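S.K.: Sending over a structure as structure tokens; questions will come in a sec.
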Amino acid sequence: MTPAQLQTLKAAVLASVDPAVQAAGASRNDTELARLLNLPSTFYVWRSTVPADEVADAILWDRLTPADTPDGSAIQTNRLLLCQSKQINLQVLLQGRDSIGTGRPNLRNGLSDALQNVPSGIGGATQDAGWAGASRVKATITRLATVAERVFATGTGTTGIPGNLVFEGELNVNDIGEMWNSWIMANESYIRKGTSKLVNGEAGAASAFSVEGVTNANGRVSDQIDWGAAPRPMWYEWSCEVQFQATPTQGLGLELYVAGAPDADSTQIDGDIGASDAALGDVDMRRNLRFIGYVVSENAAASEKCVASGRFQFTQRYTSIVAYNASGATVNATDSNFRFDIVPFYVQGQ
């Protein structure tokens, strides 16, 4: 999704009157929110593409040939020619294609024209050859938009007049994280960055975070970071590098979270995870934390550098970084083979 679309989706979520969406948003249950936004809405849209054999199966092919016995008359010949023209148009649209771009109005119009007002009934009566009706072509090339897709879709959105998709696809938990952290920079505004902090197990780190050697299905909490009294930046960029021992599962990796505490009480920490570099006491504590990203093991190979980065919005004074190992392998035991860099930034108008 584009930054503007993320902003629009965020506004729609915040304005939602659906109790389930409100609850998932308030608790920052991004997994549940993604599930809810991927559910079907009540708004019908044209499908962008449809397999050609699905379209062909929805056509009433017997209605494309006249029901009357040939009598050689000019009027019947004209009816035959019109039926044949419609058959040829369908052949052009379907032959040699794996799919049809039914999101394009011109192609839909071609199907509609070829399948309606076919003069193939008794006495040349016109009939529908499979455009309208349940399980027919029009129904086949439409669907319900998801709740997220509905935010952007245009048009009427009924079965009679379906709408058009602008954004299409399913959302995942990373999309929801980007949505919460989305922002749009004003014209003639510039980014300024603060001092970057290294958070890992090395001796010179700004904050201790001994992720090295963390075994699969276990987590680690960093020393609490104090960003100082307000005013202060509320945006943060991060970059994380990790290596795994043995053989991690390809496509899995390291989950990253932040836990905050308010300015007035540094001990009131999300998840009650503690304020010092230590093992995560209970892996379910992370359910009360804010997910910020995931470092994926691209290959099932040991000692391979895996790097990911991102940004998040955070207004509290005190921050702790939490890592949960979901890679299927142990994190490399050398402290320098894991690093988490975080830098505050803000937008300055010019």
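None of the figures in this text is laboratory data; all of them are computed from the coordinates on show. Computed from a predicted model, the values in this text were never measured in an experiment. Counting neighbours? That spans all protein chains shown, and the Cβs are built from the backbone with ideal geometry, glycine included.
S.K.: Just want to confirm a number: the relative contact order over the chain, from Cα pairs under 8 angstrom separated by 6+ residues, in percent.
M.R.: 20
S.K.: Would you mind calculating the relative contact order of segment 237-350 from Cα pairs under 8 angstrom and at least 6 residues apart, reporting the percent as a whole number?
M.R.: 48
S.K.: On to the next question. Using a Gaussian network model of the chain whose springs link C-alpha atoms within less than 10 Å, name the residue from Gln116, Gln316, Gln91 with the highest mean-square fluctuation.
M.R.: With Cα springs under 10 Å in the chain, the top fluctuation among Gln116, Gln316, Gln91 is at Gln91.
S.K.: Moving on to the next point. Taking the highest mean first, how do the peptides 285-295, 62-72, 123-133 order by number of other beta carbon atoms within 10 angstrom per residue?
M.R.: Result, highest mean first: 285-295, 123-133, 62-72.
S.K.: Separate question: Got a sec? Which residues in segment 3-42 would a label at Ile161 touch, if it sits 7 Å along Cα→Cβ and we count backbone N under 12 Å?
M.R.: Output list for this probe position: empty.
S.K.: Right, here's the next one. From the alpha carbon gyration tensor of segment 133-280, can you work out the equivalent ellipsoid semi-axes (sqrt of 5 times each eigenvalue) and give them in Å, largest to smallest?
M.R.: 43, 23, 15
S.K.: So how strong a dipole does segment 36-161 carry about its Cα centre when Lys and Arg Cβ are +1 and Asp and Glu Cβ are -1, to the nearest 20 debye?
M.R.: So the dipole magnitude of segment 36-161 works out to roughly 400 debye.
S.K.: Can you give the extra length, in nm with one decimal, that the chain gains between Ala4 and Asp57 once fully stretched, where that is 0.36 nm per residue apart less the Cα-Cα distance?
M.R.: 15.1 nm
S.K.: Then there's this: Helix by helix, which DSSP H runs in the chain go 24 Å or more along their axis at the Cα atoms and have an average Kyte-Doolittle hydropathy of 1.0 or more? Could the numbers behind the result be given before it?
M.R.: Details: long enough: 74-94 (30 Å, 0.45).
For the chain, where a helix must reach 24 Å along its axis and average at least 1.0, there are no hits.
S.K.: Would you mind estimating how fast the chain diffuses translationally, via Stokes-Einstein at 20 °C and 1.002 mPa s with the Kirkwood radius over Cα pairs, in µm²/s?
M.R.: For these conditions, the coefficient is 88 µm²/s.
S.K.: A further question follows. Looking only at segment 34-68, which residues have a backbone nitrogen under 15 Å from a spot 7 Å from the Cα of Arg97 in the C-beta direction?
M.R.: Within reach of a label on Arg97: 47-59.
S.K.: Counting only other residues whose beta carbon sits under 10 Å from that of Trp235, what net charge do I get with K and R as +1, D and E as -1? Display every interim value, and only then the final one.
M.R.: Working: positive: Lys193, Arg311; negative: Glu237.
Value of the local net charge: +1.
S.K.: For the pair Ala203 and Arg104, what calculated FRET efficiency results from E = 1/(1 + (r/R0)^6), where r is the Cβ-Cβ distance and R0 = 45 Å, to the nearest 0.05?
M.R.: Once the sixth-power term is evaluated, E becomes 0.15.
S.K.: Okay, moving on. May I ask you to list the aspartates and glutamates whose Cα is less than 16 Å away from that of Lys138, ignoring any residue fewer than eight positions away on the same chain?
M.R.: Those aspartates and glutamates meeting the cut-off are Asp53, Glu54, Asp57, Asp113, Asp128.
S.K.: List the aspartates and glutamates whose alpha-carbon lies under 19 Å from that of Lys193, not counting same-chain residues fewer than 8 positions away?
M.R.: Within reach: Asp226, Glu237, Asp341.
S.K.: Between Ala333 and Arg232, with labels modelled 7 Å along Cα→Cβ, what's the label distance in nm to one decimal, could you check?
M.R.: So the two model labels end up 3.7 nm from each other.
S.K.: Order by neighbour count: Ser207, Ser41, Ser196, fewest other Cβ atoms within 10 Å first, most last.
M.R.: Numbers: Ser207 20, Ser41 17, Ser196 14.
By the 10 Å Cβ count, ascending, the order reads Ser196, Ser41, Ser207.
S.K.: Follow-up question, since we're still on this one. How large is the Kirkwood hydrodynamic radius of segment 216-323, counting all unique pairs of alpha carbons, in Å? Numbers along the way, then the final one.
M.R.: Working: mean 1/r = 0.0680 Å⁻¹.
Radius from the Kirkwood sum: 14.7 Å.
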